[in-house]
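Each remark here refers to the structure printed beneath this line.
The values are calculated or read from the model by the stated rules, or taken from the named source; none is laboratory data. Since the structure is predicted, the reported quantities are computational estimates derived from the model, not experimental observations. Virtual Cβ from ideal backbone geometry, glycine too; neighbours counted across all protein chains shown.
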Amino acid sequence: MTTLPMTRLPLLAQWRLALRLLWREARSGELTLILLALLIAVTSTTAIALFSARLELSLDDNSSAWLGADLRVRSTAPFTDEQRQLATGLGLETAQLMTFPSVVLHGDNMTLAAIKAVDNGYPMQARLKVITASHPEPVLQNHGPAAGEAWLEPRLLALLGASLGDELELGDKSYRVTGEIMEESDRGGGLYSLSPRMMVHWDDVQGSALLGPGSRLRYRLLMQGEPDALAQLQDQWPLSDKEKFETLEDGNQRMARSLAKARQYLALASLLAVVLASIAVAISAQRYALRHFDISALMRTFGLHRADVLRLYLWQLVTLGVAAAAAGALLALLLQAGIIQLLADVLPAEMPAAPALAWLLGLSSGLVTLLGFGLPHLLPLATVSPLRVLRRDLTPVPLAGWLMTGLALLSLTLLLWVFTRDLLLTLLVMGGGSLLVLVLLGVLQLGISGLRKRLENTSLALHWRFAWQHLSRNSRQTAGQILAFSLTLQVMIVIAMLRNDLLADWQNSLPANAPNVFAMNIQSYDKEGFQSGLVERGFDAQTIYPMVPGRLLTINGRSIQELGLENIGAIDRDLALTADHQLPSSNRIVAGDWQAMSGSGQLSIEVELAERLGVRLGDTLAFRAAGVEFETSVSSLREVDWTSLSPNFFMMFSSDLMEQLPPSYITSFNVPEQSQAELTSLIREFPAINILDMQALLGQLQSLLYQVSLAVELILAVVLIAAMLVMVSALVASLRERLQEGALLRTLGASSGMIRKAQLCEFSLMGLIAALLALLAAEALCWALYTQVLAIPYSGLGWIWLWLPLLSALVLSGLATLLLRKTIRVAPLIVMRELS
Amino acid sequence: MRNNRDISLDPLEKPASSSATDGHHSLALELTRVGKTVQAGGQPLTLLTAVSLQVEAGTSLAIVGTSGSGKSTLLGIMAGLDLPSAGELSLLGHRLDQLDEDQRAAVRAQGVSFVFQNFQLLPGLTALENVMLPLEIRQQTKPQREAKSLLDSVGLGHRISHYPSQLSGGEQQRVALARAFAGQPDILFADEPTGNLDRATGKQIEDLLFQMNADYGTTLVLVTHDPQLAQRCQRQVRMTDGQLQDVTVAEASA
């Protein structure tokens, strides 16, 4: 006998054979389900990645509009040339601005204005809309006012009785009014420093007496450029105690909070979509492997090397993954383009293009899912004994459970981490999730085998017995199947709950009739008149608070300077002091007793400031306001929701203290959209009162939240589709076995009605158990997410407990009837022949 | 990486000691005191005891016996699908008991093929593709042409693009026969090839099998419990409780 070479396939031949096999299987429908699962995994993850990346970019655009730049430094001193050169040296564009309060004059009229002097780099990324003589409609500007010119807010024009073209005096110079500022996205700032705006050119105020000592100057350096350069700058900038990098949080806390939650939700939802798609891939891959034991054994009898069998499958797997990735990418592109088209009205006119990373992320999700969840099931195919062709019972040893689980968990963790860019969230979800799955699996398996023993000698109706036998025969498989359904339901519950509560939370934070205009500096003699002015115009006024600017002098007899506290932000300037007998609705007492405020000389202090100052209940604090010095005793600590749209105070006194002071008043009220004329007339009637119109700002916030809500809805839909896929693939995975069984039962004389009944019983039971488990787990998961991650109060799942188990039983048995109708429709002989 | 070629080829290059050099009377298969013991429920279970057998190239052998007598186990071992726990075994000149699984696969690729009781056609492949598969794996040129002509020779030239589920049992087994002869194997192992077929269809398959076997000059080892089928082989042996007994040499009685 001559020797022959080993049958080892060269790479090209391997690949060609793998492709041919794959193509043949695809044609015969063997691959449909796994391909579909992959396709959904890739499509959903890519679409979500693309959409959220683009949305995030557009949100970033929004937030940089709040800052006016990619990065902003605030300082109480002018920026040095070295500092500016550091930025320009890194290739960053810069702009400078300074703000200070000053009196502006127009003829006999004068008023305090917030002056903003900007250089030629302004407005950079800020949105600045101005009405000019030539453009009566607001036009977006790419520069500030020219030297010698001034742009003013309408409010300031009204206060000064000025109009476009008039001359105003500021310091020792005069300026011609050439623009009316309708929007200034980087206005920012706290409520109490908000005098109406006057914007002038940087050069006009340099060397002016306005900038002398004692003026409250703020300098800001705006920068934009490459993220790397920005990060480098932040590293290299020698930050003195006069300077601070400003973030969106400084600009607008409310906006930042909503955005952070929206991002967390998007990340979480996309993460859950990945989990679901992965489960679908795992189920399909397992079924695929099971159906390929025979071909593997056969190929081995044809003399194929073990390693080559493995490579054949690897090639097929990779090809599948690439095909799914390509098709999924195309679908995802269409999907997100469609969504953007649909939402054209609410989305910003120009959505930035998705970054390459988002593409990479979505596309790689298919491959990672396939390798992590599919490969472990396919690996044993190479070890199928060729003897299987003679003995069907020889199935390959599956990969060790821990290895299979480990691979899946590892790939999932990797995906989630890349997806969410939040290691803590990823580990929390993965750790909690794995633990949950293990516990559920254990409980189910134990429960089933325990029940089986107890039910052994009980007589049940035949269809119930069949159903139960089916469930209990392979407790591990049943547990796995129930778990798949249960996890799917769980994900749906969590996503839907989060969606509802997130939307409700946003709605609550911005109720339709929330105050959108603040009125400050209301003098005692104007108070009554102003209040009736509000009522006449139908404006819903909130509480009116007295307000006196004052300084904290001593704590327990020791001066602030002595205590080294003079640089603490809130007390380095005048505090807004107030008194009221009622606790504001946005405040909450955390220590002490509000009732004490009915006494005399009492103080309620904001809790965080109290901590910074080291102030405890019972301490004595002395203040000076309007030339009067007085002592107070701390009787309560308050937590304040600074994001609420009503006036908030660090210090609140008992009413007796305010009686000796000359307060002005502050309030906030809601102006409906159709009542702008009334607002204007109110401003005209009370020119001395500072009216701060927040409508534009709030409107912007509202439309942003609306966009994000839509994205949230969309992602919910994608997750639901992925969930359905898991259910279908779990059902289809057991289809073959059921077909065989159905055929056998019918040859034994079982009526198709009996089989259908047994199936209905089985799947209702499964749906019921899965739903109950899902509810239990979701309750725990939601609690953790709400309280630990999202910081939304959690009030339980509520009514879902009642209807979900029923619905789940109904849907599952319905789906099963649909998918398994072949088991009772097709003639047994055909089934037996096809499956033989 | 180890060098597959060097290591795996080595045992194959040594002709087995018992193999004769004369091609006409060389042994296709030789078993010397082959035994098989497995562990079942913690107890050792003996499936085969000291089976010795020689099959000359180009001859046909039938192994008969009742269910559970060990004949399928023997077939698996002879074909290199399983390893004996004792004794020596050479197939086509290679000492199978000294080869690892992949080396045995190489022996199979070289010239061993099978026909099974349950046909073992792949449901996802058409008749043509099923026949082509071993040719493709062995990287033969023009697998399609050979597969087509094989299907023609089993009378299924008109049904090459049908899937197994669209074929009757007899037709499926004819496809399996075509596949078994693809690549002109040196030895064919058949496990109850007519076991799943009715008498008349079984007879057709039998005829086809022996016809093709004669045409290709293949060595045939056949496991069956059907005495009539066994009669058509040149030689019959009987398995009883794991032992080979009652060896009949057809030529001697003829």
Identity of the residue in the range B:129-142, part of a helix (DSSP H, G or I) and within 10 Å of chain A (Cβ to nearest Cβ), that ends up surrounded by the most Cβ atoms within 10 Å (Cβ to Cβ):
B:Asn130
Does the range A:310-329 include one or more residues that are polar (S, T, N, Q) and at pLDDT below 75?
no
Which of the residues that make up the range B:67-80 are in contact (Cβ under 8 Å) with a residue 24 or more places away in the chain and either closer than 15 Å to B:Thr219 by Cβ or within 11 Å of chain A (Cβ to nearest Cβ) (or both)?
B:Lys71, B:Ser72, B:Thr73, B:Leu74, B:Leu75, B:Ile77, B:Met78, B:Ala79, B:Gly80
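Considering only the range B:219-230, state which residues are farther than 10 Å from B:Val64 by Cβ and surrounded by fewer than 23 Cβ atoms within 10 Å (Cβ to Cβ).
Taking the range B:219-230 and keeping what is farther than 10 Å from B:Val64 by Cβ, we get B:219-221, B:228.
Within the range B:219-230, B:Gln228 is the sole residue that qualifies.
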For residues that are of a type in the set (A, V, I, L, M) and either in a helix (DSSP H, G or I) or modelled with pLDDT under 90 (or both), tally how many sit in the range B:183-204.
2
Pairs needed: first member in the range B:116-131, closer than 13 Å to B:Ser165 by Cα; second member anywhere, surrounded by fewer than 22 Cβ atoms within 10 Å (Cβ to Cβ) and aromatic (Phe, Trp, Tyr); C-beta distance under 6 Å; at least 6 residues apart or different chains.
B:Thr126/B:Tyr163
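Restricting to the range A:356-392, name every residue that is among the hydrophobic types (A, V, I, L, M, F, W, C), in a helix (DSSP H, G or I) and either without any contact (Cβ under 8 Å) to a residue 40 or more places away in the chain or within 14 Å of chain B (Cβ to nearest Cβ) (or both).
Restricting attention to the range A:356-392, the residues satisfying the condition of being among the hydrophobic types (A, V, I, L, M, F, W, C) are A:356-361, A:363, A:367-368, A:370-371, A:373, A:375, A:378-379, A:381-382, A:384, A:387, A:389-390.
Add one more test, that the residue is in a helix (DSSP H, G or I), and what stays is A:356-361, A:363, A:367-368, A:370-371, A:373, A:375, A:378-379, A:381-382, A:387, A:389.
Hits for the range A:356-392 are A:Ala356, A:Leu360, A:Leu381, A:Ala382, A:Leu387, A:Val389.
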On the given criteria, is B:Val237 closer than 16 Å to B:Ser69 by Cα and at pLDDT 90 or above?
yes
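Which of the residues spanning the range A:235-267 are assigned to a helix (DSSP H, G or I) and either of a type in the set (Gly, Ala, Ser) or modelled with pLDDT of 85 or more (or both)? Give the derivation first.
We begin by selecting, within the range A:235-267, every residue assigned to a helix (DSSP H, G or I); these are A:235-236, A:248-251, A:253-267.
Those that are assigned to a helix (DSSP H, G or I) and either of a type in the set (Gly, Ala, Ser) or modelled with pLDDT of 85 or more (or both): A:Asp235, A:Gln236, A:Gly251, A:Ala256, A:Ser258, A:Ala260, A:Ala262, A:Ala267.
In contact (Cβ under 8 Å) with a residue 40 or more places away in the chain, small (Gly, Ala, Ser) and within 15 Å of A:Leu575 (Cβ to Cβ): which single residue out of A:Ala610, A:Ala622 fits that description?
Details: A:Ala610 fails: in contact (Cβ under 8 Å) with a residue 40 or more places away in the chain.
Unique residue meeting the criteria: A:Ala622.
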Considering the range A:541-564 alone, what residues qualify as being in contact with a helix residue (DSSP H, G or I) (Cβ under 8 Å, 6 or more places away or on another chain) and part of a strand (DSSP E or B)?
A:Ala541, A:Pro546, A:Val548, A:Arg551, A:Leu552, A:Leu553, A:Thr554, A:Ile555
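Would you confirm whether any residue within the range B:100-116 is more than 14 Å from every other protein chain (Cβ to nearest Cβ), surrounded by 18 or more Cβ atoms within 10 Å (Cβ to Cβ) and more than 17 Å from the chain's Cα centre (by Cα)?
Going through the range B:100-116, the residues more than 14 Å from every other protein chain (Cβ to nearest Cβ) turn out to be none.
No, because not a single residue in the range B:100-116 is more than 14 Å from every other protein chain (Cβ to nearest Cβ), surrounded by 18 or more Cβ atoms within 10 Å (Cβ to Cβ) and more than 17 Å from the chain's Cα centre (by Cα).
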Evaluate the range B:40-57: report whether one residue or more is more than 13 Å from chain A (Cβ to nearest Cβ), assigned to a loop (DSSP other than H, G, I, E, B) and polar (S, T, N, Q).
no
